[in-house]
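The values are calculated or read from the model by the stated rules, or taken from the named source; none is laboratory data. Note that the structure is a prediction, hence the values are computed from the model and not measured. All Cβ positions, even for glycine, are placed from backbone atoms using ideal geometry, and neighbour counts span all protein chains on display.
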Amino acid sequence: MKISIILSGAEGVIATIAQSVCEGAGRACGANVKIMPVDSIDADFVGDSSLIIFGTSSNAGDCAWQLKDFFNTTNLRLDGKIGGVFISENVPSSRSEITELKVIGHMVEHGMLICPLRVSRSLPCINFGSLIINGDPEKLKAQAIFYGENISAKAYKYFYNVCEVQ
């Protein structure tokens with residue numbers, strides 16, 4: 001199974017988080033995972049992906065403009081693919097959920113199937129995706145790996161009806 005992780009930018013916290021999400025996603029069922037910034041997407045890889053995870057920062061309750069532009073202008077066929085989202089924010093707030101819901105709205109508009117997860121284990125979380133709050137790097141990494149493992153296992157189970165995360 002192929003998994004695309006599309007980021008609003010190639011650097012910073014989102015790129016660091018994406019590496020851990022990628023690590024977790026690759027662990028679950030041996031998925032082939034590729035991270036790419038939204039401005040240099042591998043269209044063939046995305047086209048072959050069963051799961052697409054979007055990563056963005058939250059800015060006043062909205063996602064980065066690069067990701068909004070992608071959703072507004074893309075010609076890629078996203079329908080029927082499972083979609084997930086993770087965001088980073090300096091502090092938890094209701095704007096975080098608004099940001100995730102806006103990204104989810106874009107995914108739904110493109111016909112994607114949404115895979116909301118409750119990521120818990122005493123880590124900061126919300127119901128729609130994974131919220132990464134700047135703080136302890138080891139907790140951030142653990143949360144991102146956990147999110148990657150679980151969303152990829154759900155996608156694999158959906159498409160192939162096998163594979164469970166322990």
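Here are a few things to note about the model shown:
- Among residues of the range 44-85 being surrounded by 14 or more Cβ atoms within 10 Å (Cβ to Cβ) and polar (S, T, N, Q), the one that is modelled with the lowest pLDDT is 59.
- Candidates are the residues of the range 20-38 that are in contact (Cβ under 8 Å) with a residue 60 or more places away in the chain and surrounded by fewer than 21 Cβ atoms within 10 Å (Cβ to Cβ); the one that is farthest from residue 64 (Cα to Cα) is 29.
Quick grid of which residues meet (1) free of Cβ contacts under 8 Å to residues at least 40 places away in the same chain; (2) in a helix (DSSP H, G or I):
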{"site": "45", "(1), (2)": "no, yes"}
{"site": "53", "(1), (2)": "no, no"}
{"site": "56", "(1), (2)": "no, no"}
{"site": "76", "(1), (2)": "yes, no"}
{"site": "80", "(1), (2)": "yes, no"}
{"site": "95", "(1), (2)": "yes, yes"}
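- Qualifying residue in the range 91-102 (condition: under 23 Å from residue 10 (Cβ atoms), at pLDDT below 90 and hydrophobic (A, V, I, L, M, F, W, C)): no
- When 41, 17 are checked against the criterion of being at pLDDT 85 or above, more than 19 Å from residue 114 (Cβ to Cβ), aliphatic (A, V, I, L, M) and buried (at least 21 other Cβ atoms within 10 Å of the Cβ), 17 stands alone in meeting it.
- Count of residues meeting criterion [touching a strand residue (DSSP E or B) at 6+ places or on another chain (Cβ under 6 Å), closer than 20 Å to residue 73 by Cβ and outside any strand (DSSP E or B)] in the range 15-41: 1
- Selected residue (criterion: nearest to residue 14 (Cα to Cα)) from residues of the range 103-143 that are in a helix (DSSP H, G or I) and at pLDDT 85 or above: 103
- Residue ID - modelled with the lowest pLDDT, chosen from residues in the range 1-14 that are within 16 Å of residue 154 (Cα to Cα) and touching a Cys at 6+ places or on another chain (Cβ under 9 Å): 1
- Residue 27 passes every criterion in (1) in contact with a His (Cβ under 9 Å, 6 or more places away or on another chain); (2) among the charged types (D, E, K, R); (3) within 18 Å of residue 148 (Cα to Cα) apart from (1).
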